[in-house]
Amino acid sequence: MLTIAGLVGFFATPALGNDWDFSPYIGISEQFTDNARSSRTDKESDFITTVDLGFTISGETRRTKLETSYDLSKDYYAENHDLDGIRHNFLSDASIELLDDSFFIDARITFTEETLSTSGATTATNRTQASDRTQVFNGQISPYYVYDFGGWMTGIARYSYSETIFSEPDAGASTTEEADRKTNEYRLNLNSGRRFARASWGLQTGLISSESDAGENFDHFNSAASGQVPINRLFSAIGTLGYDDFDADNIDNEEISGVYGGTGIRFHPSSRTDASFQIGYRFGDPVFDMDITYSPTSADRLTASYKVTVQTADQSLTNARLLDQQGDLIQPQFTVIDYVDSVTKSETFSLDWSRDRGRNRYGVSGRYIQREILENNTNDDVISVNANYGRSLTPRADLSFNAGYAEVLEGQASADEETTLTFGTTYRYNFGRGLSGTISYDFLNRSNDSESDLTENALSLSIRKKF
């Protein structure tokens with residue numbers, strides 16, 4: 001943990017220069033909620049005062065790029081003082097080029113407070129909660145070397161080390177204790193170079209070795225070859241042939257190990273459209289892979305994918321997206337589906353559409369995840385849809401809306417099968433000289449067949465000063 005955090009601190013050193021932006025801030029907010037304890041049957045209203053401190057660091061030079069944000073929030077409840085507490089939210093993504101066009105280091109860190117169960121306690125706004133909360137540190141450092149073999153092929157040798165650490169929050173302790181995990185990954189890729197004008201190919205081999213504090217091991221060796229041959233200007237044939245070898249505790253390794261392969265088609269009529277579809281056999285079952293990118297205009301972008309993966313739970317945290325399409329930090333989504341400290345086989349369909357033009361910006365994202373817990377052969381299915389819209393009313397005023405829908409279609413237990421609806425709206429005004437104010441309303445509704453609905457309405461007023 002210290003090694004990863006220290007590396008990001010080293011990357012931040014150039015922030016003292018003129019090419020970097022360091023923006024500290026202080027803020028205070030007052031919130032009223034009609035369900036302070038997230039209760040289904042005994043709702044208590046309360047006022048919550050929150051003091052925020054934090055900063056952002058961002059910048060890019062010829063060799064270094066860094067995006068970092070940290071928020072420290074202290075919540076004070078007027079009535080429910082046992083919920084008073086501190087929340088941390090730290091996100092960082094960094095890269096550095098140590099040798100020209102050859103040796104690089106990537107690093108990323110998240111330290112956030114999460115509800116790792118979709119059926120755990122939930123609030124309409126970000127604040128300390130009564131239960132089911134966990135502090136999650138997830139960090140990764142990844143040095144890699146790139147070599148060009150005279151234009152015939154490019155080689156990439158990469159090593160990655162990651163840690164996932166769980167700890168008690170200041171308020172609202174988790175009802176389960178997840179095991180910390182450390183992972184080492186070694187990977188060697190060879191890809192066709194610039195001399196291959198039409199056909200392209202790739203060879204890759206890698207080993208993931210992971211161990212949890214509970215003594216559970218996970219090893220995955222993979223080797224694969226892939227190729228692409230153009231049919232005409234619009235289409236190319238694609239194919240993959242590979243081998244998996246899993247060695248993990250408490251699962252049937254032979255069932256998901258072995259030779260795999262697939263073939264399909266890629267459609268690439270222009271720089272704005274790229275779609276590939278591949279069908280094959282892997283992990284003991286027929287599989288289907290899809291990747292689509294479509295930009296109908298310069299302001300629109302649509303992406304869709306369907307993937308089948310076998311991984312440990314901490315890998316899903318490590319692979320969560322930290323940067324948006326513009327390269328800015330975004331809050332990673334960790335709780336679309338329950339965190340299960342076991343090896344899982346997941347089928348994931350993702351759809352994202354965003355548009356940013358003039359004074360308007362809006363987007364829609366959706367996920368469908370069908371997952372099998374390989375240790376006990378149980379399943380869960382989750383679908384989620386989120387939409388947002390924002391408009392600049394004036395150069396100083398901004399109005400935004402967001403809505404969300406999530407449903408556990410099939411849970412490991414019947415109590416997990418819940419439907420969650422959220423809605424929020426925020427009006428933000430910039431007074432100038434770094435001073436801004438917001439007023440927001442948030443609504444939450446959770447329902448299932450066995451209990452009464454959980455609902456919450458929250459109204460917040462806040463002011464923030466950037467320096």
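The values are calculated or read from the model by the stated rules, or taken from the named source; none is laboratory data. Only a predicted model underlies this, so the values are computations on that prediction, with no experimental measurement involved. For neighbour counting, all protein chains shown are included, and Cβ atoms are generated from backbone atoms with ideal geometry for every residue, glycine included. For accessibility, only protein heavy atoms count, side chains too; no ligands or nucleic acids. Shrake-Rupley method; radii C 1.70, N 1.55, O 1.52, S 1.80 Å.
Matching residues to (1) under 21 Å from I208 (Cα atoms); (2) within 23 Å of the chain's Cα centre (by Cα):
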residue: F137; (1), (2): yes, yes
residue: Q140; (1), (2): yes, yes
residue: V146; (1), (2): yes, no
residue: F149; (1), (2): no, no
residue: E178; (1), (2): yes, yes
residue: K182; (1), (2): yes, yes
residue: Y186; (1), (2): yes, yes
Check: So which residues in region 129-144 are in a loop (DSSP other than H, G, I, E, B) and open to solvent by less than 30 Å² (accessible area, probe 1.4 Å)?
Finding: Q129
Next item on the list: Give region 207-225 a look and list any residue that's among the charged types (D, E, K, R) and either out of contact with any Asp or Glu (no Cβ under 6 Å at 6 or more places or on another chain) or at pLDDT 95 or above (or both), or say none.
Entry: E211, D219
Check: Restricting attention to region 267-285, does a residue exist that is modelled with pLDDT under 95, of a type in the set (S, T, N, Q) and in a strand (DSSP E or B)?
Finding: yes
Next item on the list: Looking at (1) crowded, with 17+ Cβ neighbours inside 10 Å; (2) more than 21 Å from the chain's Cα centre (by Cα); (3) under 28 Å from Q326 (Cα atoms); (4) at pLDDT below 95, find the lone condition where S73 falls short.
Entry: (4)
Notebook entry, point to check: So how many residues does region 225-248 have that are assigned to a strand (DSSP E or B) and either open to solvent by 50 Å² or more (accessible area, probe 1.4 Å) or closer than 17 Å to V310 by Cα (or both)?
Noted result: 11
Check: Restricting attention to region 433-449, does a residue exist that is in contact with a helix residue (DSSP H, G or I) (Cβ under 9 Å, 6 or more places away or on another chain) and either closer than 14 Å to S38 by Cα or not in a strand (DSSP E or B) (or both)?
Finding: yes
Checklist line | Hey, Y368 open to solvent by 40 Å² or more (accessible area, probe 1.4 Å) and closer than 14 Å to T335 by Cα or not | finding: yes
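Select from region 384-415 the residues that are among the hydroxyl-bearing types (S, T, Y), open to solvent by less than 50 Å² (accessible area, probe 1.4 Å) and under 21 Å from Q333 (Cα atoms) and write down the one among them that is farthest from the chain's Cα centre (by Cα). Before you say what the answer is, go through the steps one by one.
Of region 384-415, the ones among the hydroxyl-bearing types (S, T, Y) are 384, 389, 392, 394, 400, 405, 414.
From the residues that got through so far, the ones that are open to solvent by less than 50 Å² (accessible area, probe 1.4 Å) too are 384, 392, 400.
Retained after the next criterion (residues that are under 21 Å from Q333 (Cα atoms)): 384, 400.
Details: S384: 14, S400: 22 Å.
So, considering only residues that are among the hydroxyl-bearing types (S, T, Y), open to solvent by less than 50 Å² (accessible area, probe 1.4 Å) and under 21 Å from Q333 (Cα atoms), the one farthest from the chain's Cα centre (by Cα) is S400.
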Margin query: Out of everything in region 249-266 that is among the polar types (S, T, N, Q) and part of a loop (DSSP other than H, G, I, E, B), what residue ends up being surrounded by the fewest Cβ atoms within 10 Å (Cβ to Cβ)?
Written below: N250
Check: Looking at T64, is it closer than 26 Å to E456 by Cα, in contact (Cβ under 8 Å) with a residue 24 or more places away in the chain, more than 20 Å from the chain's Cα centre (by Cα) and open to solvent by less than 20 Å² (accessible area, probe 1.4 Å)?
Finding: no
Notebook entry, point to check: Do we have any residue at all in region 296-314 that's within 22 Å of the chain's Cα centre (by Cα), open to solvent by 30 Å² or more (accessible area, probe 1.4 Å), within 22 Å of L116 (Cα to Cα) and at pLDDT 85 or above?
Noted result: yes
Next item on the list: Tell me which of these N184 doesn't satisfy, since it passes every other one: (1) without any contact (Cβ under 8 Å) to a residue 40 or more places away in the chain; (2) in contact with an Asp or Glu (Cβ under 6 Å, 6 or more places away or on another chain); (3) open to solvent by less than 50 Å² (accessible area, probe 1.4 Å).
Entry: (2)
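Would you check if R195 is in a loop (DSSP other than H, G, I, E, B), surrounded by fewer than 19 Cβ atoms within 10 Å (Cβ to Cβ) and of a type in the set (D, E, K, R)? Can you show your working first?
Values: in a loop (DSSP other than H, G, I, E, B): yes; surrounded by fewer than 19 Cβ atoms within 10 Å (Cβ to Cβ): yes; of a type in the set (D, E, K, R): yes.
Yes.
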Check: Is region 321-340 home to any residue that is at pLDDT 90 or above, open to solvent by 50 Å² or more (accessible area, probe 1.4 Å) and over 14 Å from the mean Cα position of the chain (by Cα)?
Finding: no
Margin query: If I filter region 145-160 down to residues being out of contact with any Leu (no Cβ under 7 Å at 6 or more places or on another chain), in a strand (DSSP E or B) and not β-branched (V, I, T), which single residue comes out as surrounded by the fewest Cβ atoms within 10 Å (Cβ to Cβ)?
Written below: F149
Next item on the list: Kindly indicate the residue of region 49-60 that is within 16 Å of A107 (Cβ to Cβ) and touching a Phe, Trp or Tyr at 6+ places or on another chain (Cβ under 8 Å) and also surrounded by the most Cβ atoms within 10 Å (Cβ to Cβ) among those meeting that condition.
Entry: I57
